[in-house]
Every structure is written in C-alpha cells, then in structure tokens.
Amino acid sequence: MSLYAMDRARLGELYEALGALGRVYLPTRKNGASAFLPYGEEGSEADLSLLLCDKSPKDLFFPQSEELVKFRLTGAEIALQEAARQKEPFVLFGVKACDLQAIEVLDRVFLAEPVDSFYQSRREHATVVALACARPAESCFCTAFGIDPTSPQGPCDAVAWLTESALYLRPCTEKGETIVSCFAGFAPADEKEVAAQQAAARAVLGRLPYGQLDLSRFGEASDELALFDHPAWEELSAHCLGCGSCTFSCPTCQCYDIRDYDTGKGVLRFRCWDSCMYKDFTMMAHGTPRKTQKERFRQRFLHKLVYYPKNNGGLFSCVGCGRCVKKCPANLHMIRVAKALGGEPRAQ
Amino acid sequence: MPLNTSAPAQTGEYRPLIVAFCCNWCSYAGADLAGSSRLTYPADVKIIRVPCSCRVNPLFVLKAFERGADGVILCGCHPGDCHYTTGNYYTRRRMTLLFSMLDYLGIERERTRVEWVSAAEGAKFSATMNDFARTIRALGENRKLRDLRCGN
Amino acid sequence: MRELTNAICARAKELLQSGAAGRVLGWAPGEFFYDPTPGVFSEGRLNELVYDGFTAANLSKYCIAESQKEGKVLVLLKPCDSYSLAQLVKEHRVKRENIYALGIPCEGKLDMRKARAKGVEGALSFREEDGQVVFETLYGEVRLAREELLLERCLCCRGREYAGVDETLEYALPELPKRDRFQKVAALEEQTAQERYAFWRGELSKCIRCNACRNVCPACSCVQCVFDNPQSGVAAKANSTEFEESLFHIIRAWHVAGRCTDCGECSRVCPQSIPLHLLNRKFIKDVNELYGEYQAGADPAARPPLVNYTPEDPEPSAVLERGRA
C-alpha cells in the first residue's frame with residue numbers, strides 16, 4: 001500500500017485529529033516511568049521517540065486487573081451483573097515490532113476457543129499503529145526471533161516510521177486508511193527517507209550483542225525433556241527472588257488469577273495478572289504443583305521457549321524486547337537463560 | 001460485613017462513620033460508664049472492643065478506612081495504667097508513626113486520633129466522641145483512603 | 001577496580017584455603033556489563049567473581065537461604081550491606097555460625113537507569129576514568145560524571161563503617177558525596193497535604209505489584225508475607241484500586257520500620273522507578289526525631305524503636321501538630 005508522510009512538528013495536531021477515531025494511546029512518560037497512556041493527560045508527555053515503554057501495550061487488551069461480574073445480595077436475592085465489554089473504539093499508536101509480535105502471541109491465547117470476550121472486544125475496537133525502531137538498544141534481541149524492527153509486521157492497521165523531520169505512515173488495513181483520511185497533514189511520499197533510516201538501523205542491528213542469540217535448541221522441535229532436566233536450572237534459579245517484575249513487565253506473559261472481593265454488599269469477581277514466579281501461583285486445595293523456585297523459574301522460561309512454540313507452530317512467546325534484561329532485580333533474564341541452556345552445560 | 005451504613009440520612013444530613021477501637025479494661029468500661037451516666041455520644045461511632053489498645057494492628061486502621069470509615073479513633077488506658085502494664089506504650093509509638101505516615105501521604109490528619117480514657121472517665125469518653133464526630137463531620141467523607149468497590 | 005577485585009579474590013581464596021569458609025557468596029558476571037547477578041563460587045571459580053560499579057545487589061538477603069545450607073559461606077558485604085546482615089542476625093533470621101562476613105570497600109554503585117535517562121543508549125561496555133564513567137555504545141562514546149550516575153542510596157552514603165563483619169578488607173577509595181538523606185522527606189513534609197497526596201498518588205499509581213521491593217528487601221524475611229496469605233484479608237495480586245496501592249506500600253514500609261537499615265534496595269529494583277525509600281526514610285526520620293537516633297543493624301543489643309518505649313514518649317497528636325496540614 002502507499003506511503004504517506006507528515007511534518008514531525010505537527011504530531012500534536014495528528015494526535016488531536018486521531019481523537020476522532022477514539023481515545024489515543026501513545027508511548028508516554030509520566031512520573032518518571034513510561035507506558036501507553038491516553039494522549040493529553042495532565043503531567044504526561046507523549047514521546048514517540050521512546051524506544052520501549054516500561055510497561056508494554058499488553059495492558060490495553062489485557063489489563064492488570066479487570067472486573068468480570070458483580071454479585072449483589074439483597075436479602076435472599078442474588079443479582080448478577082456482568083461487566084461491560086469494550087464498546088468505544090481506541091487508537092494504539094507507536095507499537096514497536098517486538099510488542100506487535102507480542103500481540104500476536106496473546107491473540108493466539110485469548111482468541112482461540114474458548115474466545116476470551118473481554119480481550120476480543122478490546123482487540124476489535126483497537127486501531128493499532130506500529131512504529132519502526134530507528135535506534136535499537138543493546139538489550140534488544142528481537143532479531144533472534146526473526147523480527148525485523150525496522151519494518152514491523154503483525155496484527156496492525158498501519159506501520160509508521162519516525163525520522164528527524166517527518167512521520168511516515170503506511171496503512172495496511174481499512175482502519176489504517178482512516179488514519180490518513182482523518183488528518184489533512186498527510187501527503188503521499190516516496191520511500192527514500194524510510195529506506196535510509198532502515199538501512200542505518202539495520203547496520204546497528206547487526207552489531208547488537210545478542211541479535212543473533214542462538215535459539216536452535218529451543219522451539220517446536222526442541223528436546224523438551226533434555227531442556228527440562230538441564231543441570232543449569234539449579235544455578236540459574238538459585239538467586240531468583242520470586243518476584244513478578246519479569247512477568248508483569250513482559251509483553252507476552254498472559255497468566256491470570258480470578259478472585260472474589262467482598263464489598264460488604266456483594267461480591268465482585270475480578271481477574272488480575274498472576275505470575276508463575278509467585279509461590280502461590282495456581283494454588284489449589286492440595287497445594288501448588290511447583291514447590292520450589294527452580295521449578296517456577298524453569299516454567300516461565302520453558303513456556304516461552306518450548307511449550308508455547310510447540311503448541312503454536314514454532315512461534316516463540318518471547319519477542320526479545322529486553323524488558324526483563326532491564327527490570328529483573330537479580331538480572332536473571334531471558335538472554336542469560338537462553339545462553340546457559342543453549343550451549344554446553346557450564347562446568348560446576 | 002457491611003460497615004458502610006453512613007450513607008446520607010433521609011434528611012440529607014451527612015452522617016459520618018467512625019470506628020472506635022476501645023480497650024477492654026479502661027475505655028470500653030468508660031463507654032459503659034458514659035452510657036449508665038446517661039451521657040450521650042453520637043450513633044456515628046461504632047465501637048470495636050479489643051483486649052488492649054496494643055492489639056490494634058495498623059492494618060485494622062487501614063481496613064476500617066477501606067470499608068468506608070470516615071474516622072478512626074483508638075482509646076486505651078492512660079499511659080502507666082495499662083492492664084498489661086506496658087501495652088499502651090507500644091500503641092503510642094505505633095500510632096504516632098502510623099498517623100505521621102498517613103499525614104505524609106496526604107491523608108487528612110484529623111481523621112485519626114488516639115485518646116486515653118480510663119474506666120472512670122465516662123464524661124471524657126462522651127466529650128471525646130462528640131468532639132471527634134464533629135471534626136469528622138466537618139471534614140466530610142473519606143475519599144482518599146477508601147476502596148471505591150465498597151461504595152456500591 | 002580490577003586491582004580491588006583481585007585483592008578480594010585473593011583474600012577469599014586464603015579464607016577458603018584456611019577452612020574459614022567453604023564457598024563464597026559474591027557477584028557473578030552477567031551477559032552485559034551492568035547485569036551481574038548474585039552467585040556462589042567455589043575456590044576454582046573465584047576468578048569469575050566481579051566487583052565493580054554495577055555490583056549493587058545487597059547480598060545479605062541471600063544469606064537467609066545460604067546460611068541454612070551445610071558448611072560455612074563467605075559473604076562479601078559492602079559497608080551498607082553489613083548493617084542488613086547484622087539486623088538479620090539480630091532477628092535470628094540467619095545462622096550466623098554458617099557465615100563468614102568479609103567487609104569490602106565501596107565507592108558507590110552506579111545506576112544504569114540514570115545513565116539511560118542521561119542519554120546512554122545501546123551501551124556495550126563501560127570504564128571508569130578519574131571520576132568519570134565512559135560508556136562505549138552502539139552510537140559512540142558517552143562520558144558522564146560518576147557522581148551523576150550514583151544510586152540514590154550512594155548519594156547519601158552513611159560512610160565506611162561496617163556492622164558485625166568478621167573482617168574487613170582495607171583498600172583506599174575516594175570519598176563519596178555526603179548529602180542529607182532526609183532532604184526529600186523534609187521537602188515533602190513542607191508541602192501541603194494536597195500536594196503530598198498528589199505526589200504519592202502519582203508515584204504509587206505506577207506500582208505493578210510485582211513485589212520486587214518486598215522480595216529484595218533484607219528486612220522482609222517472613223516465610224509467608226501477610227500480602228500472600230489468603231486468610232489475612234489483604235492478600236491481593238494486583239492493584240485493583242488506589243486504596244490497595246496505598247495500603248500495600250504503607251504496610252510494606254511499616255513492617256520494616258525500625259528494622260530497615262536504609263539499604264535502598266527497594267528503590268533500586270523497582271521496575272517502575274517508585275522512590276520507595278522515601279517511605280522508609282520517613283519512618284526513620286520520625287524515629288530519630290521522636291525517640292532518638294537509631295540505626296538498624298548498628299547495635300546488636302539495642303532495642304528496636306517499635307518494641308521499645310519510654311514513659312515520656314510524645315503523644316500521637318504531637319506529630320500532627322508539626323509541618324503543614
């Protein structure tokens with residue numbers, strides 16, 4: 001499809017104009033952290049040049065906590081009130097290639113039968129605009145998963161490139177076309193500047209320390225048992241603190257818990273993110289199936305590198321965004337694990 | 001347990017919900033004395049009897065606010081008169097630090113209070129509760145430290 | 001730094017050979033220069049040990065588990081870390097007889113988050129040169145003053161004293177800046193309640209409830225936390241509401257009040273950059289002002305302020321009369 005361009009200085013006008021399509025969520029700095037937040041919130045600063053937000057766009061489709069149903073007690077009567085699904089359209093602008101792939105990963109979980117109607121309603125009401133990366137960081141390793149961050153591909157409606165002077169946009173769906181039509185500042189453009197940016201970024205990608213991380217031992221055809229029994233798990237997990245910073249920062253972690261909250265007048269059933277790193281994860285009457293941190297730690301990484309790919313035609317559920325690299329308090333991240341398991345076992 | 005029965009009365013007048021933790025040995029007996037002396041205190045005050053003021057975990061105070069309390073007051077024996085000798089000395093430190101922290105987070109400082117009321121001080125109990133209820137009524141509803149899910 | 005690392009390794013080796021300990025708890029290299037991880041070393045692997053500007057993790061927390069294992073572990077402790085271990089010993093949370101604590105000098109640790117915020121993108125390596133940190137990055141070289149990159153806790157370094165270590169390694173290092181650690185707390189106290197409320201809402205609303213602050217905290221040593229206990233009535237895995245955010249953080253700080261050594265790990269690891277140390281320091285400041293100076297971990301015999309009292313303690317109303325409403 002054709003490529004359009006607009007003056008970068010007019011981004012504010014674009015965001016305003018996009019308001020016609022619904023609420024606009026942008027990479028935003030607020031109070032010293034970044035996330036996809038609605039445009040124009042007080043004290044916030046939208047910034048498309050942010051490489052990655054601290055929080056991934058996952059929240060927009062699968063929020064950390066959401067109400068499912070309310071039970072209201074009046075005498076002996078129990079009234080059920082189901083939570084509303086998403087009804088308002090919204091625009092998610094500036095999703096990087098890794099986070100876009102992450103939406104694909106989530107789609108395969110939540111949109112497979114039985115369809116998660118809460119997730120589905122949000123996906124259907126979203127217009128997703130991907131944004132190419134111009135300056136990858138050392139912690140990026142999306143290329144190891146076959147992702148091209150200079151030309152994002154996946155479940156989006158348009159792809160954008162931000163250069164020094166302009167924002168380029170290539171719509172790929174009808175919804176994507178509406179972005180061009182709702183803002184008069186777009187004009188047809190040629191590929192030159194985009195191609196130059198891509199070439200420059202690709203040169204950097206070639207120098208990423210883990211851009212070619214060896215994943216050959218993982219994926220669909222991997223030897224699950226050998227990896228499961230790998231001696232490296234013991235040492236790798238020994239100093240895991242069992243917190244959820246990796247899972248909650250991860251764009252693809254999708255586990256949740258469903259709980260009831262007693263409001264005093266009724267019961268509110270909600271679901272919230274859960275972490276396989278927590279010791280009460282999947283707690284049942286008989287206890288929890290993974291009793292040690294080693295087992296919990298192993299679960300998270302093997303799920304990303306082995307179990308999910310085996311169930312999804314080889315698609316990894318790590319996208320190489322590098323958030324765990326930056327966030328883990330003990331620095332026990334995906335690269336470390338993949339390296340330790342990928343090669344020969346370390347000498348003891 | 002539904003605590004939040006403080007919805008504006010039919011008259012439209014705002015009725016706060018106040019939780020008073022009273023120690024069994026002094027303050028609860030003080031409340032009794034207030035009653036038997038026919039001294040009044042507002043019905044907005046709901047008393048929770050505790051074995052010692054020192055039994056009150058900061059979580060109790062926060063939970064009370066969560067469930068809709070507009071004010072929380074702790075009453076215990078006068079320092080030095082604790083039934084368990086020293087319990088209320090610990091209470092004093094704990095609540096001092098907790099209240100200071102709530103204030104630090106920007107919660108209105110008048111919403112929490114500690115008063116020492118002996119079993120002989122029915123009049124003080126009544127006066128304290130009347131005064132605290134007046135203060136809370138003037139402050140209005142607690143919005144900063146309540147769980148909105150409990151509101152409806 | 002290499003020289004100091006070598007000195008540490010050499011001393012550790014001697015101690016292992018003398019039988020003072022059987023293994024070493026230190027920092028193992030990561031996959032980048034900024035991501036070392038706590039690690040346990042046998043004598044043969046001591047050459048892998050790293051100690052540089054990024055070995056910030058306080059290893060005291062890991063002593064809880066390590067000291068339960070067989071044999072003695074040699075733990076490397078920076079001055080501030082040693083207070084955390086001393087406090088844990090005081091609370092009988094570690095088996096002290098299974099630990100040999102070696103105090104090692106520190107010249108302040110670096111904060112990669114600050115470096116990134118100051119424009120260090122794509123950093124591949126770093127070196128230190130006369131008070132400057134030089135980053136080699138994918139986009140060229142970036143030089144920044146070391147002081148600009150120090151972790152918050154190091155900006156307010158308490159000094160070179162150790163608490164309860166078995167031995168210290170002498171090594172001359174430059175002095176650290178000494179700022180008033182209560183400056184920000186005092187500034188907040190000066191604000192109006194509304195301003196403070198707005199500040200804390202802004203900060204706490206970022207919380208993702210990952211529990212990193214709690215799990216990394218050496219003072220948070222409960223086998224089961226009240227927030228994980230379904231019977232407690234406050235267990236919650238997510239911040240469903242503003243209230244839960246405040247409740248969690250007030251109680252987290254409360255449960256370590258009087259025991260927190262101000263090691264700053266909570267703020268260092270927070271993935272959302274919430275200045276959690278400001279909650280802990282508020283309690284420390286209040287304790288110091290109301291009940292006398294107290295440094296957790298410093299004195300094994302001193303009664304912690306919250307399990308202590310004097311008949312002359314001020315009334316709770318006293319704190320509410322200070323500052324601005």
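From the list B:THR128, B:THR135, B:THR86, which one is surrounded by fewer than 21 Cβ atoms within 10 Å (Cβ to Cβ), away from chain C (no Cβ under 11 Å) and on the phi < 0 side of the Ramachandran plot?
B:THR135
Taking C:ALA212, is it buried (at least 19 other Cβ atoms within 10 Å of the Cβ) and not assigned by TED's automatic domain parsing to the domain that holds C:GLU245?
When the stated conditions are applied, C:ALA212 does not pass them.
Taking the range C:54-75 on its own, how many of its residues are more than 14 Å from chain A (Cβ to nearest Cβ) and either aliphatic (A, V, I, L, M) or under 11 Å from the mean Cα position of the chain (by Cα) (or both)?
Final tally of qualifying residues: 1.
Would a scan of the range B:95-106 turn up a residue that is at the interface with chain C (Cβ under 8 Å from one of its Cβ atoms), buried (at least 22 other Cβ atoms within 10 Å of the Cβ), in contact with a Leu (Cβ under 8 Å, 6 or more places away or on another chain) and charged (D, E, K, R)?
Yes, the range B:95-106 contains at least one residue that is at the interface with chain C (Cβ under 8 Å from one of its Cβ atoms), buried (at least 22 other Cβ atoms within 10 Å of the Cβ), in contact with a Leu (Cβ under 8 Å, 6 or more places away or on another chain) and charged (D, E, K, R).
Listed residues C:PRO230, C:PRO311; which is touching a Pro at 6+ places or on another chain (Cβ under 9 Å), at the interface with another protein chain (Cβ under 10 Å from one of its Cβ atoms), farther than 27 Å from C:GLN183 by Cα and surrounded by fewer than 21 Cβ atoms within 10 Å (Cβ to Cβ)?
Of the residues listed, the single one that is touching a Pro at 6+ places or on another chain (Cβ under 9 Å), at the interface with another protein chain (Cβ under 10 Å from one of its Cβ atoms), farther than 27 Å from C:GLN183 by Cα and surrounded by fewer than 21 Cβ atoms within 10 Å (Cβ to Cβ) is C:PRO311.
Which condition from (1) in contact (Cβ under 8 Å) with a residue 40 or more places away in the chain; (2) assigned to a strand (DSSP E or B); (3) under 20 Å from A:ALA126 (Cβ atoms) is the one that A:ALA35 breaks?
Result: A:ALA35 passes all but (1).
Looking at the range A:47-82 only, could you name the residues that are under 25 Å from A:ASP260 (Cβ atoms) and either outside any strand (DSSP E or B) or hydroxyl-bearing (Ser, Thr, Tyr) (or both)?
A:LYS58, A:ASP59, A:PHE61, A:PHE62, A:PRO63, A:GLN64, A:SER65, A:THR74, A:GLY75, A:ALA76 - these are the residues of the range A:47-82 that are under 25 Å from A:ASP260 (Cβ atoms) and either outside any strand (DSSP E or B) or hydroxyl-bearing (Ser, Thr, Tyr) (or both).
Output the residues belonging to the range B:20-52 that are more than 21 Å from B:LEU62 (Cα to Cα) and among the acidic types (Asp, Glu).
Of everything in the range B:20-52, just one residue is more than 21 Å from B:LEU62 (Cα to Cα) and among the acidic types (Asp, Glu), namely B:ASP32.
Which one of these is surrounded by fewer than 17 Cβ atoms within 10 Å (Cβ to Cβ), in the same structural domain as A:ALA17 (by TED's automatic domain parsing) and not in a loop (DSSP other than H, G, I, E, B): A:ALA201, A:ALA196?
A:ALA196
Report those helices (runs of 4 or more DSSP H) wholly inside the range B:20-126 carrying at least 3 residues which are closer than 18 Å to C:PRO314 by Cβ and either within 14 Å of the chain's Cα centre (by Cα) or not basic (Lys, Arg) (or both).
Counting at least 3 such residues, we get B:87-104.
Every residue, every condition in (1) surrounded by fewer than 23 Cβ atoms within 10 Å (Cβ to Cβ); (2) closer than 23 Å to A:GLY219 by Cβ; (3) modelled with pLDDT of 95 or more, yes or no:
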residue	(1), (2), (3)
A:GLY242	yes, no, yes
A:CYS253	no, yes, yes
A:GLY266	yes, no, no
A:SER275	no, no, yes
A:LEU305	no, yes, yes
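Criterion first (touching a Leu at 6+ places or on another chain (Cβ under 6 Å) and farther than 22 Å from A:PRO152 by Cβ) does A:PHE228 satisfy it?
no
Give the residue, chosen from C:ALA117, C:ALA10, that is free of Cβ contacts under 8 Å to residues at least 12 places away in the same chain, under 21 Å from C:VAL269 (Cβ atoms), out of contact with any strand residue (DSSP E or B) (no Cβ under 9 Å at 6 or more places or on another chain) and not assigned by TED's automatic domain parsing to the domain that holds C:ARG259.
Sole residue among the options that is free of Cβ contacts under 8 Å to residues at least 12 places away in the same chain, under 21 Å from C:VAL269 (Cβ atoms), out of contact with any strand residue (DSSP E or B) (no Cβ under 9 Å at 6 or more places or on another chain) and not assigned by TED's automatic domain parsing to the domain that holds C:ARG259: C:ALA117.
Would you check which residues across the range C:243-267 are more than 8 Å from chain B (Cβ to nearest Cβ) and not in a loop (DSSP other than H, G, I, E, B) and list them?
C:GLU245, C:PHE248, C:HIS249, C:ARG252, C:HIS255, C:GLU265, C:CYS266, C:SER267
Go through the range C:268-293 residue by residue and tally those that are free of Cβ contacts under 8 Å to residues at least 24 places away in the same chain and either within 7 Å of another protein chain (Cβ to nearest Cβ) or at negative phi (or both).
Residues that pass the stated criteria total 4.
Answer yes or no as to whether C:GLU265 is out of contact with any helix residue (DSSP H, G or I) (no Cβ under 7 Å at 6 or more places or on another chain), under 29 Å from C:VAL165 (Cβ atoms) and modelled with pLDDT of 95 or more.
In short, no.
Based on what the data block shows, is C:TYR51 more than 14 Å from chain A (Cβ to nearest Cβ), surrounded by 19 or more Cβ atoms within 10 Å (Cβ to Cβ) and not in a helix (DSSP H, G or I)?
Yes, satisfied.
Given the criteria modelled with pLDDT under 95 and facing chain C (nearest Cβ under 7 Å), does B:GLU110 qualify?
Judged against the criteria, B:GLU110 is not a match.
Give the residue, chosen from A:ASP262, A:ASP274, A:ASP257, A:ASP280, that is within 22 Å of C:THR241 (Cα to Cα), within 10 Å of another protein chain (Cβ to nearest Cβ) and under 18 Å from the mean Cα position of the chain (by Cα).
Among A:ASP262, A:ASP274, A:ASP257, A:ASP280, only A:ASP274 is within 22 Å of C:THR241 (Cα to Cα), within 10 Å of another protein chain (Cβ to nearest Cβ) and under 18 Å from the mean Cα position of the chain (by Cα).
Would you confirm whether any residue within the range C:135-157 is assigned to a loop (DSSP other than H, G, I, E, B), within 14 Å of chain A (Cβ to nearest Cβ) and surrounded by fewer than 19 Cβ atoms within 10 Å (Cβ to Cβ)?
yes
When you go through C:ALA193, C:ALA198 one by one, which is the residue that is surrounded by fewer than 17 Cβ atoms within 10 Å (Cβ to Cβ), among the hydrophobic types (A, V, I, L, M, F, W, C) and farther than 22 Å from C:ASN288 by Cα?
C:ALA198
Testing A:ALA134 on (1) in a helix (DSSP H, G or I); (2) among the hydrophobic types (A, V, I, L, M, F, W, C); (3) farther than 29 Å from A:ASN312 by Cα, one condition comes back false. Which one is that?
Of everything listed in (1) in a helix (DSSP H, G or I); (2) among the hydrophobic types (A, V, I, L, M, F, W, C); (3) farther than 29 Å from A:ASN312 by Cα, A:ALA134 misses just condition (1).
Does at least one position in the range C:189-202 carry a residue that is at the interface with another protein chain (Cβ under 8 Å from one of its Cβ atoms), aliphatic (A, V, I, L, M) and within 19 Å of the chain's Cα centre (by Cα)?
no
Failed condition for B:ARG94, given (1) at pLDDT below 95; (2) out of contact with any Asp or Glu (no Cβ under 8 Å at 6 or more places or on another chain); (3) under 30 Å from C:ARG281 (Cα atoms), with all others met?
(1) is the only condition that B:ARG94 fails.
Would you mention how many residues in the range A:37-51 are under 19 Å from C:ILE274 (Cβ atoms) and buried (at least 20 other Cβ atoms within 10 Å of the Cβ)?
Total meeting the criteria: 1.
If I go through the range C:121-134 residue by residue, how many of them are free of Cβ contacts under 8 Å to residues at least 40 places away in the same chain and at the interface with chain A (Cβ under 10 Å from one of its Cβ atoms)?
Count: 2.
Restricted to the range C:268-299, and to residues that are part of a loop (DSSP other than H, G, I, E, B) and among the charged types (D, E, K, R), which residue is surrounded by the most Cβ atoms within 10 Å (Cβ to Cβ)?
Result: C:ASP299.
The values are calculated or read from the model by the stated rules, or taken from the named source; none is laboratory data. Since the model is a prediction, treat every value here as computed from it, not as a measurement. Because the Cβ atoms are built from the backbone with ideal geometry, glycine has one as well, and the counts that use them run over all protein chains shown.
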